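K.L.:
Structure in structure tokens, see below.
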Amino acid sequence: MPNSSDRIAILARQNYPIFHTKDLARLWNIKNTNTLYTTLKRYTGRGLLFRIYKGLYSLLPIEKLDPLLLGVKALHSYAYVSTETVLAKEGIINQIIYNYTLISSHSRHFQIGPHEFKSRKLKDEYLYNSAGIFEEDGVLKATLERAVADLLYFNPKAYFDGMKMVDFDKVRHLQEEIGYPVTPVSHADTP
């Protein structure tokens with residue numbers, strides 16, 4: 001069985017600093033849950049690992065983690081960043097967004113440390129359609145057009161401050177490709 005420094009080295013070689021308990025058991029080859037929980041208690045006590053909440057641990061304290069990666073990992077299922085988070089970053093909506101918005105198979109509001117998250121539930125047939133989704137820093141994110149299409153799916157009357165910055169031809173193409181209802185031209189093209 002690996003010693004403490006070997007176990008931390010195993011974690012440091014992973015692509016991401018956030019781990020669920022089952023990930024740690026598998027990476028460290030620990031089959032006995034008592035051994036695993038004792039190890040986790042010792043490592044968090046010594047500052048080698050940080051407990052985010054029961055079952056979720058990190059090599060870094062919460063304040064040093066990418067909040068988007070944290071939110072996606074906390075959901076512990078397929079998820080991507082979309083809607084208001086992407087649209088606010090791109091200047092398409094100007095209101096202050098107080099939570100990070102994710103799309104997944106769960107509808108949840110949750111908070112981890114100072115970060116608030118909202119996950120919108122999307123049908124699997126749309127959720128797993130990768131059109132307009134890319135990976136950045138280990139997090140799946142919607143393109144601007146996919147974020148617009150997602151928001152219009154959830155709220156067909158959504159208002160966009162930066163309407164002229166959106167290529168609605170691309171949005172409609174994505175809506176068709178994903179299988180979403182296509183937004184009527186009159187709604188999407190009115191400023």
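Every number here is computed from the coordinates shown, using simple stated rules; none is lab data. Here the structure is a predicted model, which is why all the values come from computation and not from measurement. Here the Cβ positions follow ideal geometry from the backbone for every residue, glycine too, while neighbour counts run over all protein chains shown.
K.L.:
Under 14 Å between alpha carbons, and skipping anything fewer than 8 positions from Lys123 in its own chain: which aspartates and glutamates qualify?
P.N.:
Asp150
K.L.:
If packing is taken as the average count of other Cβ atoms within 10 Å, what order do 115-124, 78-87 fall into, highest mean first?
P.N.:
Working: 115-124: 17.0, 78-87: 23.2.
Put in order of decreasing packing, that is 78-87, 115-124.
K.L.:
Can I ask one more? Roughly how many debye, to the nearest 20, is the charge dipole of the stretch 43-191 about its Cα centre, given +1 on each Lys and Arg Cβ, -1 on each Asp and Glu Cβ, and no other charges? All intermediate terms of the calculation are to be shown ahead of the outcome.
P.N.:
Working: 17 positive and 18 negative charges, 154 e Å.
That gives a dipole near 740 debye.
K.L.:
Projected onto the charge dipole of the stretch 4-64 (+1 at Lys/Arg Cβ, -1 at Asp/Glu Cβ, origin at the Cα centre), which of Phe50, Leu60, Thr33 gives the Cα projection farthest towards the positive end?
P.N.:
Thr33
K.L.:
Just the number, please: percent antiparallel of the DSSP beta bridges in the stretch 67-188, rounded to the nearest 5.
P.N.:
Values: 12 of 18 bridges.
That works out to approximately 65 percent antiparallel.
K.L.:
Which number comes out as Rg/Rh for the stretch 1-97 once both Rg and the Kirkwood Rh are worked out on C-alpha atoms?
P.N.:
Across the stretch 1-97, the Cα-based Rg/Rh ratio is 1.09.
K.L.:
By what distance, in whole Å, do the Cα atoms of the chain stretch along each of the three principal axes, largest value first?
P.N.:
Extents along the principal axes, in whole Å: 64, 31, 25.
K.L.:
Still on this structure, I have one more. Excluding His76 itself, calculate the net charge of residues whose Cβ lies under 13 Å from the Cβ of His76, where each Lys or Arg counts +1 and each Asp or Glu counts -1.
P.N.:
Net charge in that neighbourhood comes out at +3.
K.L.:
On C-alpha positions alone, give me the angle between the axis of helix 168-178 and the longest principal axis of the chain, in degrees, nearest 10.
P.N.:
Orientation of helix 168-178: about 60 degrees from the principal axis.
K.L.:
Within the stretch 4-64, how many Lys pairs that are eight or more residues apart, or on different chains, come under 16 Å at the alpha-carbon?
P.N.:
On the way: Lys22/Lys31; Lys22/Lys41; Lys22/Lys54; Lys41/Lys54.
Taking the Cα cut-off of 16 Å, the pair count is 4.
K.L.:
Excluding residues on the same chain fewer than 8 positions from Lys89, give the aspartates and glutamates whose Cα lies under 15 Å from its Cα.
P.N.:
Hits, sequence-local ones excluded: Glu136, Glu145, Asp161.
K.L.:
For helix 144-154, report the angle its Cα long axis makes with the longest principal axis of the Cα atoms of the chain; keep it between 0 and 90° and round to the nearest 10°.
P.N.:
Relative to the chain, helix 144-154 is tipped by roughly 80 degrees.
K.L.:
I would also like to ask the following. Can you give me the distance in nm between label points at Val182 and Ser5, each placed 7 Å from the Cα along the Cα-to-Cβ direction?
P.N.:
6.4
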